[in-house]
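To start, the structure itself, in C-alpha cells.
The values are calculated or read from the model by the stated rules, or taken from the named source; none is laboratory data. Predicted, not measured: the structure shown is a model, and the values here were computed from it. A quick note on method: Cβ atoms are made from the backbone with ideal geometry, for glycine too, and the neighbour counts reach across all protein chains shown. Each accessible area value is taken on the protein alone, full model and side chains, heavy atoms only, with ligands, DNA and RNA left out. Shrake-Rupley method; radii C 1.70, N 1.55, O 1.52, S 1.80 Å.
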Amino acid sequence: MRKLLSAMSGLVGTVLLSSQAFAAEGNGLAVPNQSWERLWHEVIMDITVIGVIMAILAVIMLIKYKASSPDQLGTAKKLTTVQSIAWALIPASVFMADDFFLAANGWTVWNDYRRVPENAMEIKVTGYQWYFEFTYEDGTTTSELVLPHNQPVVLRMTSEDVIHSFGLPGFRVKEDVMPGRITYIYLNPVEIRETFVQCAEFCGNDHSVMTNAVRVVPQAEFDAWLAEAANG
Amino acid sequence: MSTHTTAAGHAPASGWKEWVLTTDHKRIGVLYLIGSMAAFGVAGLMALIIRLEQMELGMQYVASATQYNSFLYFHGAAMVLAFLIPGLTGFAANYFLPLMIGARDVAFPRINAFSIWLFYFAIVLALLSFVIPDAPDIMWTGYPPYSVTTTGNTAFYVFTVHLLGFSSILGAVNFLVTVIYMRAPGMGWNQLNIFVWTTIAAFVLQLIFIPVLAAAVTLLLFDKYMGTHFYDPSAGGDVLLYQNLFWFYSHPAVYVIFLPAVGILMDIMATMCKNRIFNYKAAVYAGIWGIVAIGGIVWIHHLYITGMPDWIRLGHMVTTLLISVPVGILVLSFWGTLYKGAITYNTAMMYAVSCLYLILLGGLTGIPLAIPSMTVHLSETSYVHAHFHFIMALFSAFALFAGIYYWFPKMTGRYADGPIATLSFWLNFIGVNVTFWPLFIIGKEGMPRRYWNYEMFSDMTVFGYTFQQFNTIATYGSWIIAVGMLLQFMNFIKAAISGPVAPLNPWGSKSLEWTHTASPPGPGNFGDTDVVVDENWSPYEYNRG
Amino acid sequence: MASALLGCALAAFPAKAQYGGNVPVSDIDPSIFQIDEKKYLGAKVNADVDLIDAQGNAFKLADKLGKPLILVLSYYSCDGSCSVINKDLSAQLADVTNIAMGKDFNVLTISFDEHDTLDTLGVFKEHLKTTENMNGSWTFATFKNKDDIKPFADAIGFNFFWSPQDRTFFHPGAFMFLTSEGRLARVLYALNSGPQDITLAVYDANEGNFKPSDIAHYAVSLCYSYNYAEGKYTISIPLFVGVGSLSLGVTSFTVSVLWFRRRRRGRKVL
C-alpha cells in the first residue's frame, strides 16, 4: 500500500527533482522552493490516501448494493441519536485533526517563505504594463533579474499602473505587485540556473507575454554583470 | 395555509403570452432553465475557442488579445452568474421547491415573474457586449485599477451584475418566506427534502452577500465613469478593498452553487438507493449550515498572494481548511446513503455517481490551495483552474444535469433516458477528465491561467511532454465535451417531444413532487385538496426498519 | 499641503556664516519637500549607522528598532522649521491615546547637519521643552560619522541642501514611519497630519501585527486608507458602503415577511 501511495504521489508530484540535488550546496538557510516541494509531497500523500479510501468504499458499495429488482428497498437501519452524534463528531474530529496537522506544516513552510534573513540583498521591482524593472542597491536599473549564487535576496515590489503578479514558477513563489502598496518575495538562490518571471495577475492585452529573464550566476559573474549594467 | 389558488391560477391566455405573463413557479422555472442553458451554450462556445487558442503557442484563432480577454470575461461571468446560479437556484428551486414542501406557489408570484425578466434582461445585456466595439475585458472578477483604466466597457459588467443581483435578492426573499410560511400543514423542519434545505441556505447566502458585490461594482462604475477614486491609491483609495469586497460575496457564491447541487444529488441518491439520507440531521445542521457559518470567513484564500498581513493569511488558512469538516459530513452522508441501499442505475444516477467522483477530486485538490505556502506557487495557475472547474463548475453542472434527467418525467411526462443519454453522459464524463487532468499536471509546474501564449514555458517538460502537448490533450477533451453536450441537448429536445411516456412516479420516490402531483403538475400543483402530511412522513422513509 | 511645507521650511531663521557660499539661487523645486513614496516605500534604512545621543552615548539605530519607529531628520542649529517639525510631532503625540510611546513605538530625531554637536543638540532640546516628559522614548541624536549622513538620507529618498541665499537648509518636514526591521512604511508631513494619522501610520508600520487587546483599535484603523494625494489618511468609503449594504438583505427579508403576514391575515378575515 505504501509503495502504491508513494508511486502515486510521485506521479502527481514533482518533476523538478534537480532542485533537491542541489540542496546540499546551500548556504545553511531555508530554501523556500525546496520546502514547497516537500510540503507538496506531504499534502498530495494525505489527499491521495483519503481519496483512494473513499473511492474504493464507493466502488464497493455501488457494486455490492445494486438492486436485484426495481421494487427492492434499502435496508440501512435508522441511526440512533447516539450513533447520529457519533457519526458527526468522530469524523469531524478526524477531519479537524488532519486540518490542523496540515495547517501546522503549512505554517512552518510559510515561515521559510516570509522570514527574510538580515543579510538579504535588496532588489526593487517595479511592474509596468507590460514589463518588470529591477533596481539594485547601487541604483542600477535593469530589465533582467540576475542573482548571485547562494546570496539571500528580498524583492521589494510595487506597480506603477495596474495590479500585476510577480510569478517565479522556478522558485515556486509569486506575490502581487500593486500600485500604492509594497509587497515582498524572499528568494534563496542555491542553484545556478536560468529561469524567468511571468506576470500572474491579469493585467491587459500583453499579460501573456509579460516576462523577464531571471538568472542565478556565481558571485564573480554577478559583480561583473552589475558593473557592466551600471556603466551601460 | 390559505386554500386560495388565485396566485397560481392562470387566466386563459394562449401561446407565448401564457409564458411571458406567467406567474406560475413551474413556468418561471422552465424559463430559468432555458435562459441558463442558453448562457451555458454561449459560454461553452467561448470555452471551446479559449481552449483552441491555447492548443498552440502564439495567437492563431482569435483576432486579438483584446478579443481573447473578452471571451475569458464572458465565459467566466456567464458560467457563474448566468448558468450555474440561475440554473440551480433559479430553475431547480423555482420548479421543485414549492412542490417538495406542498405549496401551491411561491409567496410572491408576481415578484417571482419580475425576477425572471430581470434575469433575461441581464442575459441580453451580457450578449450585447459581443456586438459593441469595446467589449468588457476584465475577467469576471473585474479587479481595479485595470477595470478602471481599460478601454473595455466595464459598465456592461456592472449593469449585468446589478440586474442579476437584484433578481437574486428578490428570489431569495421570495423563497425564504415561502419555506417559512407555506410548508404543507404538519411538515416539520426535519421532514424537509435536503434540496429544500440547501436551497434556503443558498438563498440566505445570496441575501446577505449579494448587496456587497453590488456595492463594490457600483463604486467601480463611479471610478471609471465619474472620476471618483474609491479604488485609486493615489487619492486615498485602496486597490485591495475591491478584492476583499468582491470575494466576500464571490466565495460564498461558490456555496450558492455548490449547496443546491448537493441537495439535488442527495434527493436523487435517496430515491435511487431507496434508502434514507444517512445522518440527515448532521447533514443539515452541521453540513449545510456549517458551510453557511464558515463560508463567510474564508474569502482571504482568494487573496493569499496579495500581501495581506501574515496573521490574516494564516487565520484564513485555518478557517479554509475547516471547511473540510462540514463538506466531509456531507460526503459521509452521500457515502452512507449508498450503504445497504438498493441501487437502480439510470442516467440521473450515473450523473450522481460521477458527482461523487467530482466532489472527491475537486474537494481534495482544494486542500493544497487552502494552505498559503502552497498557494504562493499554485495561485493563478491552471491547477487552480482545474480545481475549481471540478468542484464548482463540473460538480454543479453534472448535478444539474442529473436533476434534469431525474425530474424530466415530472416536467414533461416523458423519460429522457436512453442510449443517446448514456452515450452523452460518457462523452461528458470522459471529456472533462481529458480536459482538466492535464491542466492539474502542468498547473503544478506553473502553467498560468488566462494566457493565450505560454512561450516562456516552452523549454519545460513534464514526464517528457511539453506544456503545449498537455494543452493539446486538454483541447481534445473540450471537443469530446462539445460532442457530448450537443448530443445531450438534442436528446432533451427529442425526449420532450417524443420520448417514452413515463408513469407518474417512475423512480418510486417518496417525495411530494412525485407522490402528489401530475406530470407536469397543473396550475395550483396539487389539484383540489391541499397536501397535509403527518409527523411520520418523510421524503426519505423507504424502509421503516 | 505644499504651502504648509514651504511655510515650514521658510520659517527658518538666517543661520551662521560657517555654511559659506553666496550663490544667488532660490528657485526651489517643490518636490524637495516631499519624499517620493512610490520609489522609497519599503526601503531599508542603514540600521547599523552609529549615532550619539544627548548624553553623548554612542548607540546604533538598530537599538531603537524591534517596534515601529518614527524617524525625524532635522538639524539643531535652527529654531525655525526644524523645531516646528519636532514641536508639531510632540504636540500630536501628546494627543495620541491608543498607542503608547516607548511601548508600542519609539521616536528618534537625528540631525543631518554635520556641524551639529552635543551643545547645539542640548540647546535645541532645551528649546523643545515638551519632550522632557517622554521618559527617554524620544531620542535626539547626531550622526557619529559625518560621511554616513548623505548615504543614510539618500537610502530613504530624503533630500536636503543648504541654500546660501536663504541661509537655511531646505528639506522635507517629514515624519518617517519605519517598521520594526527598519523599512520605510509611511511618510507623514508636519502641519499636515493629526494624532489619528500618526496612530494609523504606526499601525501601518506594525505591518498588521497587533496585540489581541488592540483588536478594536486595529479594526478602526481598517476604516481608513492612506491618501497619497493628501499625504494623510482618509476614510475608506467603499468599506462603509460594503458593510452598509449588508443591511439590505436583512431589511428586504424583514419587509417581505411583514408584507406576507399582513396579506395572509387580510385573506383570513375574508
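Things worth noting here:
- For A:Gly167, the test of being touching a Cys at 6+ places or on another chain (Cβ under 7 Å), outside any helix (DSSP H, G or I) and buried (at least 23 other Cβ atoms within 10 Å of the Cβ) is passed.
- The residues on offer are B:Val106, B:Val124, B:Val80, and the sole one that is part of a helix (DSSP H, G or I) and either more than 17 Å from the chain's Cα centre (by Cα) or among the hydroxyl-bearing types (Ser, Thr, Tyr) (or both) is B:Val124.
- All conditions in (1) aromatic (Phe, Trp, Tyr); (2) under 30 Å from A:Glu118 (Cα atoms); (3) surrounded by fewer than 20 Cβ atoms within 10 Å (Cβ to Cβ) hold for C:Trp138, with the sole exception of (3).
- Single unsatisfied condition, A:Ser68 versus (1) within 7 Å of another protein chain (Cβ to nearest Cβ); (2) among the hydroxyl-bearing types (Ser, Thr, Tyr); (3) surrounded by fewer than 17 Cβ atoms within 10 Å (Cβ to Cβ): (1)
- Cβ-Cβ contacts under 7 Å between residues 6 or more apart (or on different chains), taken from a first residue in region B:306-317 that is more than 11 Å from chain C (Cβ to nearest Cβ) to a second residue that is of a type in the set (D, E, K, R), are listed as B:Thr306/A:Asp176.
- Residues (within 14 Å of chain B (Cβ to nearest Cβ), touching an Asp or Glu at 6+ places or on another chain (Cβ under 9 Å) and either part of a loop (DSSP other than H, G, I, E, B) or open to solvent by less than 30 Å² (accessible area, probe 1.4 Å) (or both)) located in region A:115-138: A:Val116, A:Val125, A:Gly127, A:Gln129, A:Trp130
- Of residues in region B:101-146 being more than 15 Å from B:Phe74 (Cβ to Cβ) and among the aromatic types (Phe, Trp, Tyr), the one most open to solvent (accessible area, probe 1.4 Å): B:Phe121
- Test result for B:Leu45, surrounded by 24 or more Cβ atoms within 10 Å (Cβ to Cβ) and either assigned to a helix (DSSP H, G or I) or of a type in the set (D, E, K, R) (or both): no
- For region B:225-232, the criterion of a residue being more than 14 Å from chain A (Cβ to nearest Cβ), of a type in the set (Gly, Ala, Ser) and without any contact (Cβ under 8 Å) to a residue 12 or more places away in the chain is satisfied by at least one position.
- Residues in region B:385-403 that are within 14 Å of chain A (Cβ to nearest Cβ) and under 13 Å from B:Val254 (Cβ atoms): B:His387, B:Phe390, B:Ile391.
- Qualifying residues in region C:260-270 (those that are modelled with pLDDT of 90 or more and within 8 Å of chain B (Cβ to nearest Cβ)) - the one farthest from B:Ser234 (Cα to Cα): C:Arg261
- Taking the criterion of being at the interface with chain A (Cβ under 7 Å from one of its Cβ atoms), in contact with a helix residue (DSSP H, G or I) (Cβ under 7 Å, 6 or more places away or on another chain) and not hydroxyl-bearing (Ser, Thr, Tyr), the residues of region B:362-384 that qualify are B:Leu364, B:Ile367, B:Pro368, B:Ile371, B:Pro372, B:Met374, B:Val376, B:His377.
Per-residue answers, yes or no, for (1) more than 30 Å from B:Trp140 (Cα to Cα); (2) surrounded by fewer than 17 Cβ atoms within 10 Å (Cβ to Cβ); (3) touching a residue at least 12 places away in the same chain (Cβ under 8 Å); (4) within 14 Å of chain B (Cβ to nearest Cβ):
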| position | (1), (2), (3), (4) |
| --- | --- |
| A:Pro189 | yes, no, yes, no |
| A:Phe202 | no, no, no, yes |
| A:Met210 | no, no, yes, yes |
| A:Ala213 | yes, yes, yes, yes |
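- Of all residues in region B:445-474, those being outside any loop (DSSP other than H, G, I, E, B) and within 16 Å of B:Phe390 (Cα to Cα) number 1.
- Check on C:Pro151, out of contact with any Ser or Thr (no Cβ under 7 Å at 6 or more places or on another chain) and open to solvent by 20 Å² or more (accessible area, probe 1.4 Å): yes
- Filter result for the condition that a residue is in a helix (DSSP H, G or I) and either at the interface with chain B (Cβ under 8 Å from one of its Cβ atoms) or over 28 Å from B:Leu361 (Cα atoms) (or both), over A:Ala97, A:Ala103: A:Ala103
- Any chance B:Leu176 is in a helix (DSSP H, G or I) and facing another protein chain (nearest Cβ under 7 Å): yes
- Unique residue being at the interface with another protein chain (Cβ under 8 Å from one of its Cβ atoms) and either surrounded by fewer than 24 Cβ atoms within 10 Å (Cβ to Cβ) or not small (Gly, Ala, Ser) (or both) when the list is B:Val239, B:Val256, B:Val262, B:Val217: B:Val239
- When residues in region B:265-277 are screened for being more than 11 Å from B:Thr344 (Cα to Cα) and more than 7 Å from chain A (Cβ to nearest Cβ), 4 of them pass.
- A single entry from B:Val353, B:Val376, B:Val384 fulfils the requirement of being of a type in the set (A, V, I, L, M, F, W, C) and farther than 28 Å from B:Trp426 by Cα: B:Val376.
- Qualifying residue in region B:179-193 (condition: away from every other protein chain (no Cβ under 14 Å), in a helix (DSSP H, G or I), closer than 25 Å to B:Phe526 by Cα and without any contact (Cβ under 8 Å) to a residue 12 or more places away in the chain): yes
- Restricting the first member to region B:398-412 and to residues that are open to solvent by 10 Å² or more (accessible area, probe 1.4 Å), and the second to residues that are part of a helix (DSSP H, G or I) and of a type in the set (Lys, Arg), the beta-carbon pairs closer than 9 Å and six or more apart or on different chains are B:Met411/B:Lys26.
- Residue within region B:343-359 that is β-branched (Val, Ile, Thr), under 22 Å from B:Pro503 (Cα atoms), open to solvent by less than 10 Å² (accessible area, probe 1.4 Å) and within 8 Å of chain A (Cβ to nearest Cβ) present: yes
- Within region A:44-65, the set of residues being more than 7 Å from every other protein chain (Cβ to nearest Cβ) and hydrophobic (A, V, I, L, M, F, W, C) comprises A:Ile44, A:Met45, A:Val49, A:Val52, A:Ile53, A:Ile56, A:Val59, A:Ile60, A:Ile63.
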